[in-house]
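Before we start, here is the structure in question, set down as structure tokens.
The values are calculated or read from the model by the stated rules, or taken from the named source; none is laboratory data. Worth saying up front: this structure is predicted, and the values here are computed from it rather than measured. Backbone-built Cβ (ideal geometry, glycine too); neighbour counts: all protein chains shown. Only protein heavy atoms, including side chains, enter the accessible area calculation; ligands, DNA and RNA are left aside. Shrake-Rupley method; radii C 1.70, N 1.55, O 1.52, S 1.80 Å.
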Amino acid sequence: MRILLACVLALACARWAHADPDRPYEAFAPLSLPTPNEVRLGSGAPGPAYWQQRVDYRIDATLDADAQRLSATMEVAYHNNSPHTLNFLWIQLEQNLFKPDSIGTRTRTGGGPMRAMDDDFDGGYDIPSIRTGTTELKFTVYDTLARVELPRAIKPGERFKFQLDFAFDMPPYLRRMGAEDVEQGRIFEYAQWFPHVCNYDDVHGWNTLPYAGSGEFYTNFGNYEVHITVPRTYLVAGSGVLQNPREVLTPLQRQRLEEARKSRETVMIRTAEEVGDPASRPAGQGPLTWKFKGENIRTFAWAASDAFIWNACGVVVKDLNGNDKIVLCQSLYPVEATAWAPTVEDGGSTQYVAHSVEFYSDFLYPYPYPIMTNVNGPEGGMEYPMIVFCGGRTRSPLFVTDHEVGHTWFPMIVNTDERRHAWMDEGFTTFIGMHSLAAFRGEAVNPGRARQQTMQLARGRSQPIAVFPDRNLPGLLGSLQYRKTALGLHLLREVVLGPERFDYAFREYVRRWAFKSPQPADFFRTMEDATGADLAWFFRQWFLEDGTLDQALEVAFDESDESESTPRATVTVRSLGRQVMPATVVLQFDDGTIDRREFPVEAWATTRERSFRIDLQGRTLRRAVVDPDELLPDADRANNRWVAPAPTAVESPQDAAPSP
Ligand SMILES: [Zn+2]
């Protein structure tokens, strides 16, 4: 125990030791960012030469529910919008993660849902051929990637179509998808299930980081037409609008759906009592094919089950032109998910979805799609365009639902590279989620958990936020990329810039990069451009380094005699850690008066020590505190306050009020 404590202290001190009081200006040095060009401007906006590739998919998939095997044929239309000639394509084969010899299988560290991974399961794709028309294309598989050789190069502006067949068995463990037997049937969730073309961009060329399990994805926008054939007893929901309701729904269900679109209250489409009743499915024999279309989306996910209860409501969202449009919000869940039902006190899953769609549309950018579906199945929490998978059956899914729906804005609209920069989707979504949940509950925004975890990072093992998620030290993904990032944005808003200045710039970032792909530098530059503030110090210390913050305070009196006749005192504030932040000092006097002083962060650019003198005017100083509201993740609060020696034994420092 003592050895452990010594190690923790040594690590903490190592990071603190980087604060060199003789070189305070280093914290304010410019960031070294990529040279701006006409694709990505110095302002952080996409430039006149901005381009991105587009890939459209047509997939026909058939689920063998008994064998838990999916077979599909697929046609891909690749649009080369780049000014470059492409001699080959890279495709992602994410199901190959489930091969016993995959990088992900062999490097997992035992945490999370992969813990139950069965090494004997021989998963991954069967891909008999890839072809264009009748010409076979040579392809070579490397773990979760394949390089496809082309009969001739794809020139700028050209479109290239190719076809392939694929099949795979559902893994017997969970990794963003899975199958689960429930009371009234079986639930399938499919994500990262079809081979897709890697993103070719202006920053890295082909983005070919393998799928190792943690890093999510970085994909192209495109249009999807997906046909899914399932047993007749199954309901299906996916990343698109159902095209053939007359074939797969009963007349009663179609009528209820129409009612739901016009109702802000939740309407049942299929009740618990109707699950398993043949009358709740169209009459006839054999499987049914559900046809979906999703436009301008970055991937496609879907879920199917014979056990789904289904309800929905409609919300009105103003689009970018100020016109009203209806978004259908819906939930599909098994009977044991009692906390999802519309009968729970705060409305249940569909009302949470509706709130999130409304809130974020207003807070950031209009929800761009016609539907949003929440599915309860084996996956605990994953986001896709127009559909999210959320866990929890008897515990409220409010938090996870709001988070996953919030991902519509990061990374479904602002299409960031999740395999490299998890903080740009997870951290941003955690940050906006603090606001959405506070609004839903009618409470103030509370970053308490994010602050607590950030302070734990300061005391123990840590690493910079800007690390690829597959290279996170075990257990740090949640505290770093999610919560420390969220706290950083919170402090930037509340402590550094103020809400109005921050919100304008943050919305500008979303508007500039909606349906495009920003890099971290584009975010940093946009925030500086639209706030008019030099924020290099903040972005470096918060995202690129892992230093700690430690503000400290001391009080000295002019006379050695600290009696009531003491005329003047000197208050000294220091910034000891590698991080700097604005400093707030509160002084409390015996006559009840309070003196509050604010130091902008620039106070630390030329010195790490600031003093000011106060005229006591006959008062006695009782208490002085830096960071009185405990907003900052200060690594050592013990040096934040000075308390006068108690004249009697009545008052102890702990009893003193924390702030005015
Ligand atoms: Zn997330």
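Which shape class, rounded, prolate or oblate, goes with region 54-420 when its Cα gyration tensor gives a ≥ b ≥ c as root eigenvalues, a/c under 1.5 marks rounded, and past that a/b bigger than b/c marks prolate?
Details: a/c = 1.60, a/b = 1.41, b/c = 1.14.
It is prolate, given that a/c is not under 1.5 and a/b is the larger ratio.
Quick check: the angle from helix 2-16's long axis to the longest principal axis of the chain, C-alpha only, nearest 10 degrees?
Roughly 80 degrees, rounded to the nearest 10.
First measure r as the distance between the Cβ atoms of A153 and F468, then evaluate 1/(1 + (r/R0)^6) with R0 = 30 Å and state the FRET efficiency to the nearest 0.05.
Values: r = 31 Å, r/R0 = 1.03.
After rounding to 0.05, the efficiency reads 0.45.
Here's another thing I want to ask about it. For region 479-568, calculate the relative contact order in percent as a whole number, restricting contacts to Cα pairs under 8 Å that are 6 or more residues apart.
Values: 39 pairs, mean separation 18.9, N = 90.
So the answer I get is 21 percent.
Follow-up question, since we're still on this one. Over region 54-420, with every protein chain in place, what whole percent of the accessible area is carbon and sulfur at 1.4 Å, could you tell me? Mind dumping the intermediate values first?
On the way: 6540 of 13450 Å².
Of all accessible area on region 54-420, carbon and sulfur atoms account for 49 percent.
Any of K262/K293; K99/K138; K155/K291; K161/K293 with alpha carbons more than 24 Å apart? Name them for me.
Values: K262/K293 22 Å; K99/K138 22 Å; K155/K291 33 Å; K161/K293 19 Å.
As for pairs spanning more than 24 Å Cα to Cα, those are K155/K291.
OK, next. Only Lys, Arg, Asp and Glu count, each charged at its Cβ (+1, +1, -1, -1), so figure out the dipole size of the chain about its Cα centre, rounded to 20 debye.
Working: 68 positive and 87 negative charges, 250 e Å.
Rounded to the nearest 20 debye, it is 1200 debye.
Another question, if that's okay. Counting only heavy atoms of protein chains, what accessible area per residue, in Å², does the chain have with a probe of 1.4 Å?
Working: 26630 Å² over 660 residues.
Per residue, the chain has 40 Å² of solvent-accessible surface.
To continue, here is another question. With every protein chain kept in the model, how would you rank R596, R131 by accessible area, 1.4 Å probe, largest at the top?
Numbers: R596 105, R131 55 Å².
Of R596, R131, the descending order of accessible area is R596, R131.
Another question, if that's okay. If the cut-off is 14 Å between C-alpha atoms, which aspartates and glutamates fall inside it for K318, apart from same-chain ones fewer than 8 positions away?
By straight Cα distance, K318 reaches E358, D362.
If I model a spin label as a point 7 Å beyond the Cα along the Cα-Cβ vector, how far apart are those points for R449 and A646 in nm?
Modelled inter-label distance: 3.7 nm.
Something else: Sticking with the crude label model, points 7 Å out along Cα→Cβ, report the distance from Q243 to N323 in nm, one decimal please.
Going by the 7 Å Cα→Cβ label model, 2.3 nm.
Related question: Find the relative contact order for the chain and round it to a whole percent, using C-alpha pairs within less than 8 Å whose residues are 6+ positions apart. It would help to have the intermediate numbers written out before the result.
On the way: 1448 pairs, mean separation 84.9, N = 660.
Relative contact order, the chain: 13 percent.
Related question: List the trypsin sites (Lys or Arg not before Pro) within region 221-318 that fall in a DSSP loop (any state other than H, G, I, E or B) and whose Cβ has at most 15 other Cβ atoms within 10 Å. Show your work: numbers first, answer last.
Numbers: sites: R232, R246, R254, R256, R261, K262, R264, R270, K291, K293, R298, K318; in loops: R232, K262, R264, R298.
Passing sites in region 221-318 are R232, K262, R264.
How far, in nm, would the chain grow between A514 and D362 when pulled straight, counting 0.36 nm per residue and subtracting the alpha carbon separation? All intermediate terms of the calculation are to be shown ahead of the outcome.
Details: separation 152, 0.36 × 152 = 54.72 nm, distance 1.51 nm.
Gain in length upon complete extension: 53.2 nm.
Right, next: Just to verify a number: what accessible area does D64 come out at with the full protein assembly present, 1.4 Å probe, Å² rounded to tens?
Accessible area of D64: about 70 Å².
At 7 Å along Cα-to-Cβ for each site, give me the label-to-label distance between E345 and T570 in nm.
5.7
Now for a separate question. State whether the chain is rounded, prolate or oblate according to the following rule on the C-alpha gyration tensor (a ≥ b ≥ c being the square roots of its eigenvalues): a/c under 1.5 gives rounded; otherwise a/b larger than b/c gives prolate, and the remaining case gives oblate. Write out the running numbers ahead of the final one.
Values: a/c = 2.24, a/b = 1.75, b/c = 1.28.
Note, shape of the chain comes out prolate.
Compute the label zone of R131 within region 66-103: residues whose backbone N is under 13 Å from the point 7 Å along Cα-to-Cβ.
Only 74 fall inside the zone, counting backbone N under 13 Å.
Against the longest principal axis of the chain, how steep is helix 428-441, in degrees 0 to 90 to the nearest 10, with axes from Cα atoms?
Tilt relative to the chain: about 80 degrees.
While we're here: Relative to the longest principal Cα axis of the chain, at what angle does helix 520-531 sit, 0 to 90 degrees, rounded to 10?
So the helix axis and the longest Cα principal axis differ by about 60 degrees.
Can you tell me how much longer the chain between F88 and R232 gets when fully stretched, taken as 0.36 nm per residue apart minus their C-alpha distance, in nm with one decimal?
Numbers: separation 144, 0.36 × 144 = 51.84 nm, distance 4.11 nm.
Extending this stretch completely gives an extra 47.7 nm.
Which FRET efficiency, nearest 0.05, do W51 and R106 yield, Cβ-Cβ r, R0 60 Å?
Working: r = 37 Å, r/R0 = 0.62.
So, using R0 = 60 Å, E works out to roughly 0.95.
At 0.36 nm per residue, and after removing the present C-alpha to C-alpha distance, how many nm does the segment from R459 to T73 gain when stretched out fully?
Answer, rounded to one decimal: 133.7 nm.
For a quick protection proxy, order the peptides 368-375, 338-345 by their average other-Cβ count within 10 Å, most packed first. If you can, show how the numbers build up before the last one.
Values: 368-375: 23.2, 338-345: 15.5.
In decreasing order of mean packing, 368-375, 338-345 become 368-375, 338-345.
Post the alpha-carbon centroid distance, region 66-106 to region 430-493, in whole angstrom.
When both Cα centres are located, 33 Å separates them.
For the chain, what is the calculated [θ] at 222 nm in deg cm²/dmol (nearest 500), taking -39500 (n - 2.57) for each run of four or more DSSP H residues and dividing by its residue count? Mind dumping the intermediate values first?
On the way: 12 runs with 124 residues, N = 660.
-5500 deg cm²/dmol, from helical runs alone.
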